[in-house]
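These notes are about the structure you will find just below.
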Amino acid sequence: MNPARIPDLVTSLFRIVLGLLFALHGASSLFGVFGGNRGSGEAIAVGTWPGWYAAVIQLAGGLLVLSGLATRVSALVCSGSMAYAYFTVHQPDGLLPMNNGGERAALFCWCFLLIAALGPGRWSVDHMLTRRRASVPEPAVAS
């Protein structure tokens with residue numbers, strides 16, 4: 001393997017794993033699967049603020065980031081939702097993430113911000129669509 005391609009490969013793998021973990025977290029909260037909402041085994045009631053909306057962002061945003069479709073925008077929305085979660089849910093219980101239980105929110109926030117800045121990498125739907133658009137010739141315009 002060409003050593004110059006390793007950073008792009010790692011970026012893509014990081015994005016895929018991050019999106020999968022986030023989508024599973026959202027599915028857990030929305031549908032009560034994988035232990036459900038905070039391990040209770042139950043789904044969040046539809047429309048409950050902010051939990052249900054956060055879970056929708058987690059599932060949809062996680063799947064978009066996982067596939068690499070609209071990656072930068074999706075990752076930015078996911079990052080913002082985790083920043084909101086950290087400052088409204090966790091930070092009032094203590095200044096540091098180790099003291100307030102906000103490690104996951106802080107890590108997800110910064111990881112998604114990294115993906116928003118770096119982009120989706122080579123193994124993504126975004127990259128495939130960009131390549132396809134670049135290879136399609138423009139139709140001739142008659143004057």
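Rule-based calculations on the coordinates, nothing more; no lab input. Just so it is clear, the model here is predicted, and its values are computed rather than measured. Glycine also receives a Cβ, built like all others from the backbone with ideal geometry; neighbour counts cover every protein chain displayed.
Hey, of (i) 11, 34, 25, 11, 8, 7, 3, 0; (ii) 11, 43, 36, 9, 0; (iii) 12, 34, 30, 14, 7, 2, 1, which did the structure itself give for P(r) over Cα pairs in 10 Å bins from 0, in percent when calculated?
Recomputing P(r) over Cα pairs in 10 Å bins from 0, in percent here picks out (iii).
Which residue, chosen from Ala55, Gly101, Ile6, occupies the Cα position most advanced towards the positive end of the dipole of the chain, where the dipole is computed from +1 (Lys, Arg) and -1 (Asp, Glu) charges on Cβ about the Cα centre?
Final value for the positive-end residue is Ile6.
How big is the dipole moment of the chain about its Cα centre under a simple scheme where the beta carbon of each Lys and Arg is +1, that of each Asp and Glu is -1, and everything else is neutral? Debye, nearest 20, please.
It comes to approximately 420 debye.
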